[in-house]
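**Student:** I'd like to ask you about the structure that follows.
Quick note: the coordinates plus some simple rules give every number you see, no bench work behind them. Note that the structure is a prediction, hence the values are computed from the model and not measured. Because the Cβ atoms are built from the backbone with ideal geometry, glycine has one as well, and the counts that use them run over all protein chains shown.
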Amino acid sequence: MPTDTGQDSTGGGMSWVSVRMRATRNGQHVSGAERLVPAVYAVTVSNVLVERARRHASGEPDRIVLTVDRVPHEAVRFAPILAARTVCVESATEGRRAAMERLRSLGVSEKAISSAMDALTHGANPFGGNMRGAMLIDRAMGERLERDHKRGVRVSFVDLTPEGRARFDVCVRGRGDVSRFRDALVLASKVASLPGVVADLCWSDDPAYVAGYVAARDGGYVRYPRLKERGIPFGGRAYFVDAEAFDLEKDIEYLQSAPVLIEVNDPSVFNEF
Ligand code: COA
Ligand code: AMP
């Protein structure tokens, strides 16, 4: 469970800002990213995010929207980063088999697993294509719980603490561009901080990015280098919840808009990544 902040070494008394960027081309979403940083870094971080949008692998956008919100320090909560490890798999079939096995071991029913796998494989948006956020799935019955099946639940207002980011950078030095993994791990750590969420399954909708993960408070973030075939434009996220422990209104509000900083207290959490 995230802890409420009092005065602490990571930002007691200081004001924070949430800086969020989304970029589109011809009205289609191209990329998005966000930071939650001490207010003094608002301009620097805004510049970094605009540059990130402009240099995105799929080409320059024609519209970049930058939103900066002040976040009072009393509102900021903290949650631990999930330990991350990679399970080597040679094919998407092997990766999905391993991911399904892990979901079973976390108490997700066969029905819920196949409903999620099927949706992610063919596009989880009931109107066709991908969703804009994550599906919420009852881990026992396999039913979708979010109100808007086209949009889903989009997790936001989250970042590493400044110390956590510095530790992460040191731990992954020399491993190439890990920004995608870092952002997914941070997002998954916020999701896993809710007691009502038992597991989180994801693979990207980017046709060139075939890795994915199953994350949970129990056992951490397990990365599978292949969960789909190259060239497939479908992907998404499924959050499996315990319907009795998950409060639909309060917990969705937490996922979407409670400011949460992810702490890295033990750098060994990246040893097996
Ligand atoms: N795919 C498609 N459309 C998207 C989208 C996505 N991934 N993210 C945003 N949009 C579009 C949608 O049309 C959305 O409208 P909707 O709310 O009706 O679905 C619209 O942009 C506004 O989205 P919103 O989330 O309100 O915008 P924002 O500017 O506040 O935040 C993001 C944009 C991309 C930063 C945020 O949605 C997000 O995904 N944050 C998580 C990013 C991350 O990986 N964080 C890790 C921290 S290190
Ligand atoms: P990506 O990992 O960015 O390729 O996104 C893969 C899928 O995850 C998208 O198609 C969305 O369905 C979903 N998604 C993207 N961003 C978020 C988010 N912030 N919160 C929840 N789901 C998301």
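**Student:** Would you mind counting up the charge near R54? Only other residues with Cβ under 15 Å from its Cβ, with Lys and Arg at +1 and Asp and Glu at -1.
**Tutor:** +2
**Student:** Got a sec to turn the phi values of the stretch 59-65 into Karplus ³J(HN,Hα) couplings, 6.51 cos²θ - 1.76 cosθ + 1.60 with θ = phi - 60°, whole Hz, x for Gly and Pro?
**Tutor:** Values, residue by residue: x, 6, x, 9, 8, 10, 10 Hz.
**Student:** Roughly how many whole Å is it from the C-alpha centroid of the stretch 175-195 to that of the stretch 231-273?
**Tutor:** Comparing the Cα centres of the stretch 175-195 and the stretch 231-273, I get a distance of 8 Å.
**Student:** Hey, another quick one. So, counting K/R as plus one and D/E as minus one, what does the shell of residues with Cβ under 15 Å around F240 add up to?
**Tutor:** In short, -4.
**Student:** Let me ask something else. What trypsin sites (Lys or Arg not before Pro) does the stretch 115-211 have in DSSP loop regions with at most 12 other beta carbons within 10 Å?
**Tutor:** Counting only loop positions with at most 12 other Cβ atoms within 10 Å, the trypsin sites (Lys or Arg not before Pro) in the stretch 115-211 are R147, R173, R175.
**Student:** Taking the Kirkwood radius as the inverse of the mean 1/r across Cα pairs, report the Rg/Rh of the chain.
**Tutor:** Reported Rg/Rh (Cα atoms, Kirkwood Rh): 0.94.
**Student:** Rounded to whole Hz and in sequence order, give me ³J(HN,Hα) for the stretch 243-250 from the Karplus expression 6.51 cos²θ - 1.76 cosθ + 1.60, θ = phi - 60°, writing x for Gly and Pro.
**Tutor:** My calculation for the stretch 243-250 gives 4, 7, 9, 9, 8, 3, 6, 5 Hz in order.
**Student:** In whole Å, what three semi-axes, largest first, describe the equivalent ellipsoid of the stretch 81-163 built from its Cα gyration tensor (square root of 5 times each eigenvalue)?
**Tutor:** One finds semi-axes of 22, 21, 14 Å for the stretch 81-163.
**Student:** For the chain, set up a GNM with springs between Cα atoms under 10 Å and report which of F246, F78, F127 has the largest fluctuation.
**Tutor:** Ranking F246, F78, F127 by mean-square fluctuation puts F127 first.
**Student:** Could you tell me which trypsin sites (Lys or Arg not before Pro) in the stretch 50-121 are loop residues by DSSP with no more than 12 other beta carbons within 10 angstrom of their beta carbon?
**Tutor:** R55
**Student:** Pulled fully out, how much extra length does the chain show between R151 and V68, if you take 0.36 nm times their separation in residues and subtract their Cα-Cα distance?
**Tutor:** Result for the pair: 27.6 nm of gain on full extension.
**Student:** Now a separate question. On a C-alpha basis, how far is the centre of the stretch 101-163 from the centre of the stretch 209-224 in Å? Whole number, if you could?
**Tutor:** 14 Å
**Student:** So if the hydrodynamic radius of the stretch 79-221 is defined as the Kirkwood radius over C-alpha pairs, what does Stokes-Einstein give as its diffusion coefficient at 4 °C and 1.567 mPa s, in µm² per second?
**Tutor:** In µm²/s, the coefficient rounds to 81.
**Student:** Here is a further query. Fully extended, how many nm does the chain gain between E163 and S179 (0.36 nm per residue separation, minus their Cα-Cα distance)?
**Tutor:** Difference between extended and current length: 4.1 nm.
**Student:** While we're on this one: Helix-derived [θ] at 222 nm for the chain: sum -39500 (n - 2.57) over DSSP H runs of at least 4, divide by residue count, nearest 500?
**Tutor:** -8500 deg cm²/dmol
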